[in-house]
1. Looking at segment 293-314, I want the residues that are over 22 Å from VAL342 (Cα atoms) and have a partner that is surrounded by fewer than 19 Cβ atoms within 10 Å (Cβ to Cβ) and at pLDDT below 70 with Cβ atoms under 9 Å, at least 6 apart or on another chain. Which pairs are those?
2. I'd like the residue in segment 473-523 that is of a type in the set (Asp, Glu) and assigned to a helix (DSSP H, G or I) and, out of all such residues, is least open to solvent (accessible area, probe 1.4 Å).
3. Could you please let me know if VAL365 is β-branched (Val, Ile, Thr) and touching a Phe, Trp or Tyr at 6+ places or on another chain (Cβ under 7 Å)?
4. Those residues that are in contact with a Cys (Cβ under 6 Å, 6 or more places away or on another chain) and either hydroxyl-bearing (Ser, Thr, Tyr) or farther than 15 Å from ASN240 by Cα (or both), I need them from segment 252-284; list them, please.
5. Sort out which residues of segment 295-321 are under 15 Å from ASN246 (Cβ atoms), β-branched (Val, Ile, Thr) and at pLDDT below 85, and write them in order of number.
6. Check GLY262, GLY270 and return the single one that is at pLDDT below 90, touching a helix residue (DSSP H, G or I) at 6+ places or on another chain (Cβ under 6 Å), open to solvent by 10 Å² or more (accessible area, probe 1.4 Å) and part of a loop (DSSP other than H, G, I, E, B).
7. Looking at PRO69, PRO54, PRO65, which one is farther than 28 Å from GLY330 by Cβ and assigned to a helix (DSSP H, G or I)?
8. Could you tell me how many of the residues in segment 280-332 are assigned to a loop (DSSP other than H, G, I, E, B) and in contact with a Phe, Trp or Tyr (Cβ under 8 Å, 6 or more places away or on another chain)?
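The values are calculated or read from the model by the stated rules, or taken from the named source; none is laboratory data. Bear in mind that the values here come from a model prediction, so they are computed numbers and not experimental data. When we count neighbours, we look across all protein chains shown, and the Cβ atoms used for this are built from the backbone with ideal geometry, even at glycine. Surface accessibility is based on the protein's heavy atoms, side chains included, excluding ligands, DNA and RNA. Shrake-Rupley method; radii C 1.70, N 1.55, O 1.52, S 1.80 Å.
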Amino acid sequence: MIPTLADALAKQGYDTLTPVQEAVTDAALDGRDLLVSAQTGSGKTVGFGLAIGPTILGEDGAFGPAGTPLALVIAPTRELAMQVKRELSWLYAGAGVVMAQTVGGMDMRDERRALDRGAHIVVATPGRLKDHILRGSLDLSTIRAIVLDEADEMLDLGFREDLEFILGEAPADRRTLMFSATVPPMIVKLAQSYQTNAERIITVSKESQHADITYRALQVANHDVDNAIINVLRFYDAPNAIVFANTRAMVTRLTTRLSNRGFACVALSGELSQSERSHALQAMRDGRARVCVATDVAARGIDLPNLELVIHAELPTNAEILLHRSGRTGRAGRKGISAMIVPPKMKRRAQNLLKWGKLSAEWAVPPTADEILAADEDRLMNDPVWSEDFTDSEAAFAARLLDKHDATKIAAAYLRLYQNRQSAPEDLSPYVDMPDRHEKPKREKAAFGPSRWFSVDVGRDGKAEARWLLPMICKAGGITKNEIGAIRIQPNETFVEISEPVVAGFLKSIGSEMRLENQATLTALDGPPQISERRGPRPDKRDYQKRDDRGPRKPREDRKPRDTAPPPPSRQDDVAAIVPGAADDPKPRKPRAPKGEKRDHAGAVTAKRGFDKPKGDKKPYKGKGDDRPRGDGNPFKGKPGGKPGGKPGGKPFSKGKPGDKPSGKPRANAADTSKRFTPPGGKPGGRKGAGKGPNATPRRK
């Protein structure tokens with residue numbers, strides 16, 4: 001191993017390497033492309049940091065002046081990218097490394113200035129890295145090694161095109177190392193396209209992963225989910241804990257609830273800015289916060305110190321997400337607890353997740369209030385403070401307390417002060433294990449009791465159905481459906497079972513004719529009928545016989561030939577008389593009737609309209625209080641000023657009252673249908689006036 005890297009490991013307290021770190025640092029694999037699958041929390045970050053060391057470091061184990069980058073590490077999320085940068089910073093600190101990062105949500109101008117100053121290793125997310133390449137602010141010509149961390153997650157997030165673009169822009173003689181918890185077919189295809197003779201390394205199987213994590217499935221009532229989360233946090237009292245939810249709305253609600261209960265809590269979700277997310281994780285590392293409520297954005301690669309508890313407030317959708325969530329604890333040989341909150345409606349999903357992930361869990365109920373108080377007392381009794389030395393001032397104050405109060409009273413007061421600093425536990429409703437709907441036993445049908453059978457002379461061929469036979473029998477016999485047992489429909493008859501105690505009244509209600517609403521006849525049987533268990537095919541409503549078998553179609557005798565109306569007489573002569581030269585037109589045209597006339601198809605005059613009356617027959621209309629004529633004498637122009645027998649300002653041709661002076665409108669002719677419309681099934685009605693107001697009929701312009 002390179003001396004500078006070995007010294008960095010010794011300073012961090014590494015005395016032995018994990019299996020994945022030993023596998024990737026094998027001297028036989030120097031310069032080879034690697035495809036590594038290892039469980040989460042196995043030390044992959046330090047592993048690929050050690051693996052690329054011989055490729056990017058000089059012979060003396062140090063870097064030269066910083067310029068264009070030598071190595072590129074790509075991670076799916078911002079948090080994971082910044083965590084990788086921190087790990088590689090201490091690992092290569094002795095070699096004089098200069099690090100740079102390009103992640104979404106950060107100021108791109110600062111990143112560009114850092115790249116211009118030079119860097120040995122660049123840690124980036126795919127989208128922002130592609131932007132820098134397209135803008136020309138990142139030169140990949142000197143890249144010697146590219147690492148894809150959590151490659152399967154990047155493909156799941158839709159970064160396939162970005163990764164293919166980045167790998168296509170890098171030099172062809174580079175090393176490509178892919179690290180992933182799982183190796184789906186998409187990863188294999190990507191490796192075949194962009195890796196050369198890659199070595200496949202598998203350090204652990206699914207059956208043995210998460211050996212340091214204890215899984216607990218806590219069954220709780222639907223309305224006690226939040227209370228169960230509070231009790232679990234109180235019972236274990238972990239230095240750091242993560243509560244996972246599926247949606248941002250759930251993260252916001254749980255963060256508010258836990259903060260109100262006195263927990264030092266931060267939120268982590270995709271709706272937060274990068275600065276807010278960084279501050280939340282830093283608060284967890286500094287100890288200012290002890291509980292992080294997060295979506296699955298924190299399920300990949302996030303490593304928090306002293307993280308001993310993971311709570312699944314909402315169950316994930318698949319076993320892979322469950323493994324990555326739980327992998328935040330139990331890292332690097334430390335023990336951890338993964339608690340699933342399982343309401344009754346999620347019991348089946350919890351069982352499937354454990355089965356698909358090949359995990360075993362302890363099924364129990366959340367801690368009760370008494371168990372939490374007992375755990376508090378146990379932690380108080382075993383606190384390391386009892387074995388520590390006290391200062392003179394602390395001893396003097398203790399002596400003053402003993403002089404003033406009894407020792408028992410001092411101890412009880414100390415216990416109360418200790419408990420008051422903690423959130424009070426919740427009282428949970430007793431959990432009742434509901435039977436699974438897939439495992440519900442079938443209800444056994446109770447015996448119908450003594451009965452008699454009757455036959456109805458209508459069956460399947462007569463379209464008999466129980467849905468109309470049952471109410472007919474009940475109505476005719478004066479019984480209810482509870483007194484009717486089996487109804488067995490046969491091709492030509494139907495058998496009905498009726499309870500023996502009501503048979504006498506049933507027969508009396510039906511009568512001696514045994515008729516059911518004059519539609520069917522009822523017959524009493526001496527015993528149970530012989531009912532065939534095999535049902536024949538239901539006959540078709542029609543006999544769908546082929547037309548070829550039925551012969552040619554016969555004409556109907558009652559069908560008369562359709563009368564064909566003779567074509568209308570030609571009016572070519574009339575047209576020629578009106579329009580010169582129209583006789584040579586191959587298509588004779590219908591002559592237009594003179595103004596004021598209407599003709600039928602034969603050309604006869606059917607009605608005359610009074611539109612051709614001389615304009616001088618009627619005086620011009622006058623306005624209200626105005627003797628001056630309006631318009632040019634045409635009665636249709638200008639607003640009428642009034643008429644005899646009508647309202648002022650009315651229409652010129654309104655009928656008026658009896659005895660009024662005629663208005664000049666011609667008498668109606670029954671044959672004139674030009675202005676009359678009769679709707680189908682309605683009475684003829686005239687067109688209403690335009691009226692006034694918002695509901696008035698719009699006038700033509």
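1. ASP303/ALA332
2. Residue satisfying both the conditions and the ranking: GLU483.
3. So VAL365 passes the test.
4. Within segment 252-284, THR255, SER259 qualify.
5. The answer is VAL297, and nothing else.
6. The conditions single out GLY270.
7. The unique qualifying residue is PRO54.
8. The qualifying residues number 7.
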